[in-house]
Amino acid sequence: MTYLVAAALRRSAVAGPDAGPRQPRDFRRFNLPVQLALAAAAEVVPAAQDPTAMAVVSLAPCHNGSPELYRWVQNADTARSRGATAPARMNPTYTLHVIDNLALSAFVIAHGSDGYYLGVGGAPGQAWCGLEAVRERLDGGWEREALLMAGDQGGAGDALDGSGVALLFSVRRTAYAPLGRPVELLAIERSPRPEPQPVSAHAAEGLCALLHAVAHHGVGALAYEVPPQHTDGIDRVTVRLRVA
Amino acid sequence: MIDARHRVVVTGCGTVSAIATTAPAFWEALLAGRSGIGRIPRLVVAQLPVTTGGEVTAVPPDRADRDVALANQAIDEALDAAHLHRDGAAFIWATGLDTYQQGEQGPVFRPSGSCFAALSRPFREPRRMIAAACAAGTQAIGEAYWKIRAGRIAACVAGGSSCLLSPFYIMGFAALQALATDDGGDPCTACRPFDRRRRGFALSDGAAALVLESLEAARRRGAPVLAEVVGFGMSQDGFDLNRPPEDGRGAVRCLHRAVEDAGLAPSDVDAVNAHATGTLVGDRAEAAAIRRFFGSDWNRKAVSSLKGAIGHAMAAAGALEAVAAVATCRTGLVPPTVNLHDPDEDCELRHVIGRPHEDDVRTVVSTSFGMGGQNAAVVFRRFP
């Protein structure tokens, strides 16, 4: 049995000194997708019984990077085109902005988790692989709780349309706070599409849309057909839930 | 006794690396102690602080989809060896990090997800992309192993690929002080795992694929069995983004979990294919971890690192090392650690130096300890 216990969404239309999520000082040097994922995760962790033992599944952004890193690359390119061959030294913090497991590592350092981990890559539609992993771990009896988190942005150098999402699951039948009722994750079903569909490269938006659907669903079974743009374009994905 | 549905075997391997472009040639070069690290002219022209690396010359460096081409070469070789087609296997794969490439109008962002999307399309689900930095390749193999053992899938192509020799990556990892900067010496000796004179790693390109399947499926198809996968373990340091704890305690937990998953004890392990990249802190912590893991037996267990020969291919590293571990199980031979001549006293282990270790090695642990603290280890055993 896998129940959705808590969830959090964080959005940031424009990254700026006051626009980003509130974070521990160390997190502020990370790029926007990672900050947003960590901010969302921090909201749901208090609902966990034991964050050190829960499974942590973290989705890498489809658009990693940061405006700072993008400016460095552009400056290096401009210098090269003017005949200056050696690029300027890179700030080591910028290197972190392309590291695919940064959110996972930072979360674990902050919360001391040492259970199962899965860093899922930033390809379109991988959110459902992350959700499948959560269900496998909890239904298989390996862990009692699991966190699924993701953050992303509109473009690699834009830091626009950023969003972060975190979902906490448990084997305990617990009410999902926004609904005041238990929400059970029953299955994630896949079947091949006859033709590939266009996709949207965004690690967090698919899960945000799922939460929106749950929030607006009444009591009973919900067969949420994932919009094609939130899948990998190859499979039709249906998430089956039940609101008690 | 575990039945054949839940036993997992390797039926195909494919590699592309700086020392060879097929798995058999890769193994031959490793046993011969050859290094694929060299001076890269375009990095010299760009006057970068690091001009050495392990380049794969089989695919042109300016090809836009080089990452896809390298990966496909390894995947094709593994599937051919296993007599399997893409639509007969799931796909769990680690690709390199996002990068910027030189475009006609300036720098172009190339997300690693686009490489995975291009590779994954013909495979069965699950098509899962792994992101765990340097541990990703090993984690991909471990995830595939667990899925097959649990009966969720019958066969899977698992592994990883990376193209890292761009000015962008060189400057980025040089900024983290992780790379062996140029010292005017022979570029082949840039990376020296466990050696007293080690000073960082050499970035490299590479790809490696393994076909894993249930023993039952392999027998039904009449596929060749190269080795058995018997355990997988993982842990997290939760310590620091750039370095492991000095005592390697996260790595120790990972090793113990891997052998426990296999139903073995540390004493059952014959050899370790180490992550050892040639960094000061990382190699020391890893050596400490291996000694603690084996206890009083540590000086009887052969330890070898491939990074001196092939460099560090990040997402591909664990998969390349797994292919070597499979070959060790088959042959009983452990390849030498290239460029290890004077072991650091803080890295004391039973190193394999100069020539292969011959001792009928049957059970090997292949380890990856990723930047950020994700650790992964897979246990391979000779079959039958």
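Look through segment B:335-384, keep the residues that are assigned to a loop (DSSP other than H, G, I, E, B) and aliphatic (A, V, I, L, M), and return whichever of them is nearest to the other protein chains (Cβ to nearest Cβ). My answer is B:371.
Of the residues A:36, A:59, only one is in contact (Cβ under 8 Å) with a residue 40 or more places away in the chain and touching a Ser or Thr at 6+ places or on another chain (Cβ under 8 Å); which? Exactly one residue qualifies, and that residue is A:36. Among all residues of segment A:157-165, there is at least one that is out of contact with any Cys (no Cβ under 8 Å at 6 or more places or on another chain), closer than 29 Å to residue B:240 by Cβ, more than 14 Å from chain B (Cβ to nearest Cβ) and not aliphatic (A, V, I, L, M). Has segment B:84-100 got at least one residue that is modelled with pLDDT of 95 or more, part of a loop (DSSP other than H, G, I, E, B) and over 22 Å from residue B:143 (Cβ atoms)? Within segment B:84-100 (the criterion being modelled with pLDDT of 95 or more, part of a loop (DSSP other than H, G, I, E, B) and over 22 Å from residue B:143 (Cβ atoms)), the answer is no, since none of the residues qualifies. If you check B:11, B:22, B:52 for being at pLDDT 95 or above and either among the charged types (D, E, K, R) or closer than 25 Å to residue B:177 by Cα (or both), only one passes: B:52.
Across segment B:125-137, what is the number of residues that are under 30 Å from residue B:49 (Cα atoms) and either more than 10 Å from chain A (Cβ to nearest Cβ) or not small (Gly, Ala, Ser) (or both)? Result for segment B:125-137: 2. The criterion of at least 2 residues that are within 14 Å of another protein chain (Cβ to nearest Cβ) and at negative phi is met by the following strands (runs of 3 or more DSSP E) wholly inside segment B:148-243: B:155-162, B:227-236. The residues of segment B:1-27 that are within 22 Å of residue B:156 (Cα to Cα) and among the small types (Gly, Ala, Ser), listed by number, are B:4, B:12, B:14, B:17, B:23. The residue that is nearest to residue A:238 (Cα to Cα), among those in segment A:103-130 that are in a loop (DSSP other than H, G, I, E, B) and either charged (D, E, K, R) or more than 8 Å from chain B (Cβ to nearest Cβ) (or both), is A:125.
Every listed requirement among (1) at positive phi; (2) in contact (Cβ under 8 Å) with a residue 12 or more places away in the chain; (3) facing another protein chain (nearest Cβ under 9 Å); (4) not β-branched (Val, Ile, Thr) is met by residue B:112 save one, (1).
Can you find even one residue in segment A:216-226 that is within 14 Å of chain B (Cβ to nearest Cβ), crowded, with 21+ Cβ neighbours inside 10 Å and assigned to a loop (DSSP other than H, G, I, E, B)? Among the residues of segment A:216-226, at least one is within 14 Å of chain B (Cβ to nearest Cβ), crowded, with 21+ Cβ neighbours inside 10 Å and assigned to a loop (DSSP other than H, G, I, E, B), which makes the answer yes.
A quick yes/no check of all residues on (1) surrounded by fewer than 22 Cβ atoms within 10 Å (Cβ to Cβ); (2) assigned to a loop (DSSP other than H, G, I, E, B); (3) more than 10 Å from chain B (Cβ to nearest Cβ):
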residue	(1), (2), (3)
A:52	yes, yes, no
A:73	no, no, no
A:79	yes, no, yes
A:147	no, no, yes
A:154	yes, yes, yes
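Of all the residues in segment B:6-48, those that are part of a loop (DSSP other than H, G, I, E, B) and surrounded by 15 or more Cβ atoms within 10 Å (Cβ to Cβ) number 15. Checked against the criterion of being among the hydrophobic types (A, V, I, L, M, F, W, C), part of a helix (DSSP H, G or I) and closer than 22 Å to residue B:23 by Cα, segment B:301-309 contains one or more residues that satisfy it.
The values are calculated or read from the model by the stated rules, or taken from the named source; none is laboratory data. Note that this is a predicted model, so its numbers are computed, not measured. Here the Cβ is made from the backbone with ideal geometry for all residues, glycine too, and neighbour counts use every protein chain on show.
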